[in-house]
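*Asks:* Below you will find the structure I want to go over with you.
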Amino acid sequence: MRVIVVGGGVLGTMHAWQAIDRGHEVVHIEREREARGASVRNFGLVWIGGRAGGDELGTALRARELWERIGADVPGTGFRPNGSLTVCRGAEEVAVAEAALALPDAAERGLKLLTPGEAREHNPALRGTFDAALWCERDGAVESRIVLPALRAHLAAGGRYAWLPGREVRDLLPSGTGVRDDHGHAHEGDLVLLCTGAWLTGLVRELAPELPVRRVRLQMMQTDPLDERLTTSVADGDSFRYYPAYAGTALDALKSARPQAPVPAEHRMQLLMVQRLDGGLTIGDTHEYDEPFTFDVDSAPYEHLVEVARELLGRPLPAVRRRWAGVYAQTTDTTRVVHREQVAPATWLVTGPGGRGMTCSPAIAERTANLAGL
């Protein structure tokens, strides 16, 4: 079978991976010269701990298995099973962590509540003052800026994969057996998989005019290399407010007793922090839901993130090297992991994983492959 994959982000690349892994031929088309969307503007986290129970957690756990397998085959992805620590400050945040331990799937997530001393055994760089930390053994990380070229190089080595960047797909072929790009070239195949990320206009709108997906804007940053290892990914207690696994009476009590400060509340913020292989720290993030989005970045969220990270590490941060904004597509019903729809004969649209894209894309692609009969 010849499969046409449209979209060069992590979701499209994982669909290409599944097709190649199952013995098929892939033509992979991307409208930019290189993927530039949410897939390269994120933390590179494979994040299990905060996922909603049920299908979302099951998808994330399966994806975690696949990432480990892919990382062994392609060391250039930078996959590492580093785990994460969500640092709790104050009795209310500790109570949310304790409630998470009572979840029926807590063991699957690898959750454990640690004292500050135990947390520092996992991550000695956490020298700040805190009361406890929620350890998630199943969390991991990859290198978001280099993972896609590494995967493509591996796919190309097999001789059944063609990467065609700088081409925007405009139409499906009348025969329903492929696509036509903006160079006027036809690409024939037996199956078309549209994984176009936050690009929801053009052909996508024509095929799915009532798409139940919205766009979300974020701001993030990266520092110069830290002169020591951050051996785990790190989150602050505001992440409890964001991830669905922590919903419940303990979280309600936290929100009531300790409303977020104005800047994180306005920008719907949490702190997540992961160290890159070069030693730099990727830190974020914000969430903006109402379009039209602003075209500039706001300084106040960065100042807040620097201060929180400094408090957790108990030391000044290296200089901030990069700041950026990004946009991803998220299902409007956020209990759904992804929107997957057959929009034409032999043509599937897969979009809207939101902030779960890097984590869940290997398992999302596997399920698409099964449904499409690959």
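*Asks:* Mind checking the dipole of segment 164-298: about its Cα centre, +1 per Lys or Arg Cβ, -1 per Asp or Glu Cβ, Debye to the nearest 20?
*Replies:* For segment 164-298, the charge dipole is close to 360 debye.
*Asks:* Can I ask one more? Starting at the first residue of segment 36-52, write each ³J(HN,Hα) from the Karplus equation 6.51 cos²θ - 1.76 cosθ + 1.60 with θ = phi - 60°, in whole Hz, x for Gly and Pro.
*Replies:* Result, ordered by residue: 10, x, 4, 5, 10, 10, 10, 7, x, 7, 9, 10, 9, x, x, 5, 5 Hz.
*Asks:* Under a 5 Å amide H to amide H cut-off, with H placed in plane at 1.01 Å, what residues pair with ALA132 once short-range neighbours are removed?
*Replies:* CYS88
*Asks:* Averaged per residue, what accessible area in Å² does segment 115-188 show with a 1.4 Å probe, protein chains only?
*Replies:* Per residue, segment 115-188 has 46 Å² of solvent-accessible surface.
*Asks:* Just to confirm my numbers, what's the Cα centroid distance between segment 42-56 and segment 58-94 in Å?
*Replies:* Taking the Cα centre of each part, segment 42-56 and segment 58-94 sit 8 Å apart.
*Asks:* In addition: How big is the charge dipole of the chain about its Cα centre, in debye rounded to the nearest 20, if each Lys and Arg gets +1 on its Cβ and each Asp and Glu gets -1 on its Cβ?
*Replies:* 480 debye
*Asks:* State to the nearest 20 debye the size of the charge dipole of segment 233-374 about its Cα centre, where the only charges are +1 on K and R beta carbons and -1 on D and E beta carbons.
*Replies:* For segment 233-374, the charge dipole is close to 440 debye.
*Asks:* Right, here's the next one. Among VAL234, LEU194, ALA247, whose Cα lies farthest out toward the positive end of the dipole of segment 180-251, if unit charges sit on the beta carbon of Lys, Arg (+1) and Asp, Glu (-1)?
*Replies:* ALA247
*Asks:* If you average 1/r over every pair of different alpha-carbon atoms in segment 144-288 and take one over that average, what Kirkwood value in Å do you get?
*Replies:* After inverting the mean inverse Cα-Cα distance, the result is 19.8 Å.
*Asks:* Pop out the carbon and sulfur fraction of the accessible area of the chain as a percent, whole number, probe 1.4 Å.
*Replies:* C and S atoms contribute 49 percent here.
*Asks:* How big is the gap, in Å, between the Cα center of segment 199-275 and the Cα center of segment 1-32?
*Replies:* Cα centroid to Cα centroid, the span is 28 Å.
The values are calculated or read from the model by the stated rules, or taken from the named source; none is laboratory data. Just so you know, these numbers come straight off a predicted model, no measurement behind them. Positions of Cβ are generated from backbone atoms using ideal geometry, with glycine treated the same way; all protein chains shown enter the neighbour counts. Surface accessibility is based on the protein's heavy atoms, side chains included, excluding ligands, DNA and RNA. Shrake-Rupley method; radii C 1.70, N 1.55, O 1.52, S 1.80 Å.
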